[in-house]
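Undergrad: First the structure, then my questions, so here it is.
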Amino acid sequence: MVRIKQSITIFSILFLITSLITGCLGGTDATGTTKKDGVVQLKFTYWGGPLEKKAIEGVIKDFNDSHPKIQVNPQQVQGSYLEKMNTMASSNTLPDLGYFSEGSLPTWLENGKIKDLKPLFESGEINEKLDYAIFQFDDDGPIGGASVANEVYNIYYNKDLFDEKNIPYPPTKAEDAWTWEEFIDVAKKLTVDRNGKHPDDPGFDPKNIKTYGVNNFSTRYEPYIYSNGGGIVSLDGKDILIDEPETIEALQKIADLMYVHHVMPKPSDLSTIPNVDTALLTKRVGMTLDGQWALQELGKAKVDKNLNLGIGVLPKFKEPVTSSEGTPIVVFDTKNSKENWDETKEFLKFIMDPENSLPLIQSGLWMPNEVQWYKDPELIKKWTDNPVHPPEYKEAVIDWAMNNVRQNPNYYWKDRSKVNQILTPALDQLWSGEKTAEEVVKDDIMPKIEKQFGDKYSN
Amino acid sequence: MNLEKEIKLGTGVPKEITKKTKIRSLHRKEAIAGYIFALPAILGLLLWTIGPMIASLIMSFTNWKIIGASEWVGFQNYVNIFTNDIYFKKSLWVTFYFAFGSTFFTLLSALIVALLMNMNVKGQSVFRTMYYLPVIVPAVASNILWLWLFNPDFGLLNTILDFLGLPTLMWIYDESTAIPSLILLSVWSCGGTALIFLAGLQDVPKQLLEAVDIDGGNVWHKFRYVTIPTITPVIFFNLIMGLIGAFQAFTQAYVMTEGGPNNATFFYVYLIFREAFLQNNMGYASALAWILFIIIALFTLFIFRSSKDWVHYGGRK
């Protein structure tokens with residue numbers, strides 16, 4: 001019995017010690033990127049829903065099959081991506097490549113955890129990307145990467161609803177874009193309360209709205225402040241434009257969609273609005289502003305559920321303008337990616353080439369990140385000639401993305417995420433109807449920006 | 001004892017060894033076994049609590065960003081927090097508001113619930129289960145549930161207000177009602193605290209209550225002069241635990257409000273989290289965390305100090 005006891009004691013102490021040691025030292029060897037039989041192992045992390053997962057794994061399988069000497073191991077990170085990356089960075093287990101959050105890109109690039117891809121982009125080894133999709137925060141400074149896919153904002157709507165009410169469809173050409181007044185007029189015709197009344201009818205009940213004319217304009221307000229001649233920051237990143245009268249005016253007009261015209265759900269109503277595909281199918285929402293990625297779900301609804309999907313360009317104040325977004329794929333500065341730079345580069349070129357991510361592009365989730373795919377009719381046909389992309393897509397999205405994009409500060413402004421932390425909560429007061437745009441900008445946003453940045457932007 | 005016998009048989013200890021030595025070696029063996037059993041807890045405390053605390057104290061004097069090198073910056077982080085941080089004061093205010101509000105109302109309602117649960121009625125155990133149930137719901141799940149209850153249009157709470165002919169509220173979607181709404185959510189899950197109160201209530205000496213009856217006192221007198229003084233140690237315990245927990249509120253902000261609207265629920269721990277993991281300012285976040293630690297320590301100390309004036313232990317005045 002004593003023997004047994006002693007051995008149990010010894011065993012448990014050993015167990016504790018070994019688990020501690022492996023726990024502490026696990027970091028050095030947990031990258032899973034060692035060479036096995038001459039095959040280079042690379043780790044790639046990404047986020048996204050089930051459809052994106054399937055597509056990404058498909059792209060990677062194609063790559064692995066055509067490159068027997070390289071093995072890319074995808075890892076999907078669900079939620080809290082940046083927290084995960086930070087944790088991995090602190091334990092030296094970063095992947096070799098992966099999606100990355102734009103907001104933290106400048107810091108990571110400056111601290112050398114993300115590789116400067118400028119030499120690669122300038123070498124001509126990688127196809128020419130859209131200018132506005134390249135992440136570069138200083139003139140001629142290091143390049144953190146380019147968007148793996150392009151995304152621009154458009155209006156998405158259900159054509160059946162427009163037919164029912166005998167309203168002409170939203171324009172598909174930038175030059176025909178609705179003025180703000182025309183747009184509000186249509187939105188009012190689409191908006192109906194439970195008793196079938198429109199916003200201007202006597203007895204209209206704004207608390208019980210069955211169909212909202214529009215949705216999502218307050219979450220993606222930037223194209224409108226550009227359209228009105230305002231902005232967040234100048235294109236050289238040196239002047240804050242939030243307090244320009246044009247910016248304030250546009251912000252106020254977006255808030256008016258909710259509190260003056262009653263054609264858009266208030267933030268508090270948003271939980272009663274289903275997913276975009278259901279919202280359009282059930283006619284809960286007439287038109288929704290969304291990124292092009294929405295076409296994946298909407299295209300699926302179009303094919304599977306007979307959604308009569310339409311796409312239009314955004315209404316304008318002065319100029320027809322949209323903005324863009326896109327997730328960069330970056331190369332992390334790991335030991336493995338340095339040692340196997342050629343293989344890492346090979347995979348980066350592969351996944352950045354629209355040709356190889358065609359399934360994702362054809363599904364509607366992505367748009368190509370290269371200029372030629374917007375100009376060459378053959379290439380355009382390749383990605384849009386399918387049931388997901390409606391006929392007006394060429395004008396309303398492709399030409400629109402080619403000619404009417406104002407570059408998103410995500411791509412060139414280091415203080416973007418810090419300013420957003422000030423902007424987003426402050427604008428809550430505008431979107432909730434408590435304050436006017438003027439009050440929010442002048443009394444709340446600007447003083448905070450001055451306090452945070454000192455005289456960096458005061459001129 | 002069996003053990004003694006086993007030692008004799010198993011190891012063949014010579015019989016001439018004195019009884020004293022045997023007992024001493026037995027004591028030693030028991031002590032060793034005790035330490036080994038306690039070892040996981042001790043190691044856990046050292047490695048996962050004390051260790052990281054020391055590490056974060058050191059970090060708080062650096063500008064460590066997780067990525068890249070770090071430099072020793074002395075008290076710079078602390079100075080910046082008090083002079084330059086545009087979120088510090090707001091989040092501190094929000095946290096104080098929530099901590100005191102939720103502790104007070106949770107304690108009050110837990111006490112009321114405990115008094116009710118202590119009554120000898122039919123289905124007593126059913127009621128006790130019902131009140132305790134919210135405690136076993138995981139925080140994230142209950143937060144999502146409450147998101148629905150708080151919904152200004154279709155939420156149950158507004159439906160009830162509407163039914164009663166009262167004006168409806170925006171709950172967590174309005175700056176002024178956001179924190180009170182989250183306090184309501186804390187009150188809902190007061191079952192754990194109530195259970196501790198219940199244990200305290202059952203220790204209230206029956207003879208003293210009867211003495212009040214004999215002396216012609218009513219229910220209030222019983223409560224005020226017997227029950228309350230007897231359970232002051234329990235109130236003391238719940239107060240401290242509640243306050244410490246409330247100061248560290250985080251999940252509600254993370255799951256329900258993202259600190260909004262307009263930073264009305266921007267809890268201090270949420271600020272720490274954002275600085276550490278979203279802004280990569282781990283050194284700065286550590287300094288923030290130490291300030292919170294000191295604040296909590298001061299309040300705890302204050303309550304402990306004050307306790308001798310209002311907490312009564314049996315057998316002492």
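The values are calculated or read from the model by the stated rules, or taken from the named source; none is laboratory data. As the structure is a computational prediction, the values presented were derived from the model and not from experiment. Heads up, the Cβs are rebuilt from the backbone with ideal geometry, glycines too, and the neighbour counts pull from every protein chain shown. Each accessible area value is taken on the protein alone, full model and side chains, heavy atoms only, with ligands, DNA and RNA left out. Shrake-Rupley method; radii C 1.70, N 1.55, O 1.52, S 1.80 Å.
Undergrad: Given the conditions (1) farther than 30 Å from residue A:87 by Cβ; (2) touching a Gly at 6+ places or on another chain (Cβ under 6 Å); (3) crowded, with 23+ Cβ neighbours inside 10 Å, which single one is not true for residue A:322?
TA: That leaves (2) as the condition not met.
Undergrad: Under 6 Å between Cβ atoms, which residue pairs at least 6 apart in sequence (or on different chains) link something in the range A:385-408 that is in the same structural domain as residue A:362 (by TED's automatic domain parsing) with a partner that is in a helix (DSSP H, G or I)?
TA: Close Cβ pairs (under 6 Å, with a partner that is in a helix (DSSP H, G or I)) do not exist here.
Undergrad: Which of the residues that make up the range B:69-80 are open to solvent by 30 Å² or more (accessible area, probe 1.4 Å) and part of a loop (DSSP other than H, G, I, E, B)?
TA: Hits for the range B:69-80 are B:69, B:70, B:71, B:73, B:75.
Undergrad: Another one. Looking only at the range A:76-107, count how many residues are without any contact (Cβ under 8 Å) to a residue 60 or more places away in the chain and of a type in the set (Phe, Trp, Tyr).
TA: Of the residues in that region, 1 qualify.
Undergrad: Quick one: which residue in B:281, B:263 is open to solvent by 30 Å² or more (accessible area, probe 1.4 Å) and at the interface with chain A (Cβ under 10 Å from one of its Cβ atoms)?
TA: Of the residues listed, the single one that is open to solvent by 30 Å² or more (accessible area, probe 1.4 Å) and at the interface with chain A (Cβ under 10 Å from one of its Cβ atoms) is B:281.
Undergrad: I'm told residue B:26 meets every condition in (1) open to solvent by less than 70 Å² (accessible area, probe 1.4 Å); (2) over 30 Å from the mean Cα position of the chain (by Cα); (3) closer than 30 Å to residue B:253 by Cα except one. Can you identify the failing condition by its number?
TA: In the conditions (1) open to solvent by less than 70 Å² (accessible area, probe 1.4 Å); (2) over 30 Å from the mean Cα position of the chain (by Cα); (3) closer than 30 Å to residue B:253 by Cα, residue B:26 misses (3) alone.
Undergrad: State whether the residues of the range A:88-96 include one that is more than 18 Å from residue A:336 (Cα to Cα), open to solvent by 10 Å² or more (accessible area, probe 1.4 Å) and hydroxyl-bearing (Ser, Thr, Tyr).
TA: No, that holds for no residue.
Undergrad: Moving on. Within the range B:123-175, how many residues are under 25 Å from the mean Cα position of the chain (by Cα) and within 14 Å of chain A (Cβ to nearest Cβ)?
TA: Counting residues in the range B:123-175 that are under 25 Å from the mean Cα position of the chain (by Cα) and within 14 Å of chain A (Cβ to nearest Cβ) gives 10.
Undergrad: Any residue at all in the range B:245-259 that is among the polar types (S, T, N, Q), at pLDDT below 90 and part of a loop (DSSP other than H, G, I, E, B)?
TA: no
Undergrad: Among the residues of the range B:49-68, which ones are part of a helix (DSSP H, G or I) and within 14 Å of chain A (Cβ to nearest Cβ)?
TA: B:51, B:52, B:55, B:56, B:59
Undergrad: Give the residues of the range A:266-282 that are assigned to a helix (DSSP H, G or I) and either touching a His at 6+ places or on another chain (Cβ under 6 Å) or more than 14 Å from chain B (Cβ to nearest Cβ) (or both), sorted by residue number.
TA: A:276, A:277, A:278, A:279, A:280, A:281
Undergrad: Still on this structure, please answer the following. Taking the condition of being open to solvent by less than 40 Å² (accessible area, probe 1.4 Å), closer than 22 Å to residue A:56 by Cβ and of a type outside the set (D, E, K, R), how many residues in the range A:104-151 meet it?
TA: The qualifying residues number 18.
Undergrad: Can you tell me which residue in the range A:102-161 is nearest to residue A:364 (Cα to Cα), limited to those that are assigned by TED's automatic domain parsing to the domain that holds residue A:234 and in a helix (DSSP H, G or I)?
TA: Of everything passing the filter in the range A:102-161, A:159 is nearest to residue A:364 (Cα to Cα).
A quick yes/no check of all residues on (1) more than 23 Å from residue A:405 (Cα to Cα); (2) touching a helix residue (DSSP H, G or I) at 6+ places or on another chain (Cβ under 7 Å); (3) within 14 Å of chain B (Cβ to nearest Cβ):
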position	(1), (2), (3)
A:56	yes, no, no
A:65	yes, no, no
A:97	yes, yes, no
A:128	no, no, no
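Undergrad: Among A:297, A:246, which is at pLDDT 95 or above, more than 14 Å from every other protein chain (Cβ to nearest Cβ) and open to solvent by 30 Å² or more (accessible area, probe 1.4 Å)?
TA: Being at pLDDT 95 or above, more than 14 Å from every other protein chain (Cβ to nearest Cβ) and open to solvent by 30 Å² or more (accessible area, probe 1.4 Å) holds for just one of A:297, A:246, which is A:246.
Undergrad: Moving on to the next point. Would you tally the residues in the range A:407-459 being surrounded by fewer than 22 Cβ atoms within 10 Å (Cβ to Cβ), of a type in the set (Ser, Thr, Tyr) and farther than 13 Å from residue B:261 by Cβ?
TA: Qualifying residue count for the region: 5.
Undergrad: Here is a list of conditions, (1) crowded, with 16+ Cβ neighbours inside 10 Å; (2) without any contact (Cβ under 8 Å) to a residue 24 or more places away in the chain; (3) more than 14 Å from chain A (Cβ to nearest Cβ), and residue B:287 meets all of them except one; can you say which number that is?
TA: (2)
Undergrad: When you check residue A:333 against the structure, is it open to solvent by 20 Å² or more (accessible area, probe 1.4 Å), farther than 27 Å from residue A:399 by Cα and out of contact with any strand residue (DSSP E or B) (no Cβ under 9 Å at 6 or more places or on another chain), yes or no?
TA: Here the answer is no, as residue A:333 does not meet what is asked.
Undergrad: I'd like the full set of residues that are open to solvent by less than 20 Å² (accessible area, probe 1.4 Å) and either farther than 16 Å from residue B:98 by Cβ or away from chain A (no Cβ under 14 Å) (or both), limited to the range B:241-260.
TA: Scanning the range B:241-260 gives B:243, B:246, B:247, B:249.
Undergrad: Identify, by number, the condition in (1) modelled with pLDDT under 90; (2) part of a helix (DSSP H, G or I); (3) away from chain A (no Cβ under 12 Å); (4) open to solvent by 70 Å² or more (accessible area, probe 1.4 Å) that residue B:16 doesn't meet.
TA: All conditions are met except number (2).
Undergrad: While we're looking at this one, here's another question. Could you identify the single residue in A:448, A:418 that is in contact with a helix residue (DSSP H, G or I) (Cβ under 6 Å, 6 or more places away or on another chain) and charged (D, E, K, R)?
TA: A:448
Undergrad: Right, something else. Would you check if residue A:68 is farther than 23 Å from residue A:137 by Cβ, in a loop (DSSP other than H, G, I, E, B) and at pLDDT 90 or above?
TA: Here the answer is yes, as residue A:68 does meet what is asked.
Undergrad: Are any of the residues in the range B:216-227 within 25 Å of the chain's Cα centre (by Cα) and modelled with pLDDT of 95 or more?
TA: No.
Undergrad: So residue A:269 fits all but one of (1) within 30 Å of residue A:201 (Cβ to Cβ); (2) modelled with pLDDT of 95 or more; (3) of a type in the set (D, E, K, R); what number is the exception?
TA: The single condition residue A:269 does not satisfy is (2).
Undergrad: Also: Just a yes or no: is a residue in the range A:189-199 open to solvent by less than 10 Å² (accessible area, probe 1.4 Å) and touching a residue at least 40 places away in the same chain (Cβ under 8 Å)?
TA: yes
Undergrad: I'd like to check which helices (runs of 4 or more DSSP H) are fully inside the range A:370-459 and have at least 2 residues that are of a type in the set (S, T, N, Q).
TA: Correct list: A:416-431.
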